Amino acid sequence: MTSEWQRLQSKLPEWVEQNRHEYIHGKVAAYIPELSKAPADALGVVVMNGAGETVVAGDTELQFTMQSISKVFTLILALMDNGEDVVFSKVGMEPTGDRFNSMLKLELVEPGIPFNPLINAGAIAVSSLIRGNSPEERFARVLQFFRLLTCNDTLEYDQDVYDSESATGHLNRSLAYFLMEKGILRGRVEDVLEVYFRHCAVKLNCTDLARMGLVLAYNGRDPVTGVPLIPRRFVQIAKTFMTTCGMYDASGEFAIQVGLPAKSGVSGGIMTMVPGRYGIGLVGPSLNRMGNSTAGVHLLETMSRDLDWSLF
Ligand code: GLU
């Protein structure tokens, strides 16, 4: 066992408790009404190594929905289904500097394709590229892929969160109609959104998220089973997007303060990884101004600084 692993084992619970109080500087997301029920002061983290061993601390039993974290893996699935050329004819490769659900640049910047696959417009376009003859079939393929990545056959989506977002997601609906008008989406808007809202509502815990991060950390091969799950090139693309736009408009600051590819979601989850070493799953539902888990980001700063994890 490395001394780094031992340090994690001895320090992680302390680091969680040191950073937990940061939740008071944020708020639990309420624009999807069902999300507002999450405990604001919860904070949990799981670090998983290539042997599948874990160091866990805090509220790791908490279940939460993936929300935007799912976009990393629907992008990968769409790339596996269609290849790079097709995917990047519908969605760009650049950060926006606008909010995740903004419509602004779609209209302002020609040719009007979403700037990247991690903002809502981009992720909705990506969802429409997943193969299947019906929304049910497309979502079943997404869920199957997520189950493979987590090694968890019981993974499901949360019906209440899905219903809650489906009933209130008017901005996403308007983005989707805009994309349809531009010829970026095909089929029916409601069918595309059904897949999108469902994959955002897939429910898991920090261990599941750490396992997904672990597959990315090992370039697409699950190091525990040895099974190759994602082509290396697509992991490279996903990790690049995570670095440039995975933490909303705080991606630059996160790169400076933590220095790891990461993706957060409005439920307070963060998935990150130390390439070649660990997958990390974290949850802290209280979000800062930029939409990232406030205690979670502080905790990752503490961990990365202490263990010298920054890639830069
Ligand atoms: N389902 C959420 C939405 O579309 C995901 C947003 C997020 O996690 O950033 O608004």
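Every number in this text was worked out from the coordinates using simple rules, so none of it is lab data. What you see is a predicted model; the values in this text were computed from it and never measured. Cβ: placed from backbone, ideal geometry, glycine included. Neighbour counts: every protein chain shown.
A straight chain from LEU171 to ASP85 at 0.36 nm per residue would run longer than the Cα-Cα distance by 28.1 nm.
Report, in degrees rounded to the nearest 10, the 0 to 90 angle that the Cα long axis of helix 206-217 makes with the longest principal axis of the chain. Its long axis makes an angle of about 80 degrees.
The convex hull drawn around the Cα atoms of the stretch 161-230, when projected onto a plane and averaged over every direction, covers 6.4 nm². The mean sequence distance of close C-alpha pairs (under 8 Å, at least 6 residues apart), as a share of the length of the stretch 211-255, puts its relative contact order at 23 percent.
The phi torsions of the stretch 165-179, fed into the Karplus equation with coefficients 6.51, -1.76 and 1.60 and a -60° offset, translate into couplings of 6, 4, 7, 10, x, 5, 5, 4, 4, 5, 4, 5, 5, 4, 5 Hz, rounded to whole numbers, with Gly and Pro shown as x. Segment LYS27..LEU311, full-extension length gain: 99.3 nm, with 0.36 nm per residue of separation and the alpha-carbon distance subtracted. To the nearest 0.05, what FRET efficiency results for SER3 and ARG233 with a Förster distance of 45 Å applied to their C-beta separation? With R0 = 45 Å, the Cβ-Cβ based efficiency is 0.85. Looking at the chain, the pairs of alpha carbons with a distance over 35 Å make up 12% of the total.
Which whole-angstrom value gives the distance between the alpha carbon centres of the stretch 208-272 and the stretch 130-167? Each part's Cα centre sits 20 Å from the other's.
In plain terms, if you count all Cα to Cα distances in the stretch 13-86 and split them into 5 Å steps from zero, the share in each step is 3, 12, 15, 17, 18, 13, 11, 8, 3, 0 percent.
Between amide H atoms placed 1.01 Å from N, distances below 5 Å from SER267 occur with SER68, all of them 5 or more places distant or on a separate chain. Applied to the stretch 298-312, the Karplus parametrisation 6.51 cos²θ - 1.76 cosθ + 1.60 on θ = phi - 60° returns per-residue 3J(HN,Hα) values of 4, 4, 5, 5, 4, 5, 5, 5, 4, 9, 6, 8, 4, 7, 9 Hz, with x for Gly and Pro. Evaluated on the stretch 129-191, the Kirkwood hydrodynamic radius is 13.4 Å, with distances taken between all distinct Cα atoms. The calculated 222 nm mean residue ellipticity attributable to helices in the chain amounts to -14500 deg cm²/dmol, summing -39500 (n - 2.57) over DSSP H runs of n ≥ 4 and dividing by all residues. In the chain, which longest range has no GluC sites (Glu not before Pro) that are both DSSP loop (not H, G, I, E or B) and surrounded by at most 16 other Cβ atoms within 10 Å? Longest site-free region, per DSSP loop and neighbour criteria: 62-312.
Given the pairs LYS37/LYS263; LYS71/LYS105; LYS37/LYS239, which span a C-alpha to C-alpha distance of over 26 angstrom in this model? Correct reply: LYS37/LYS239.
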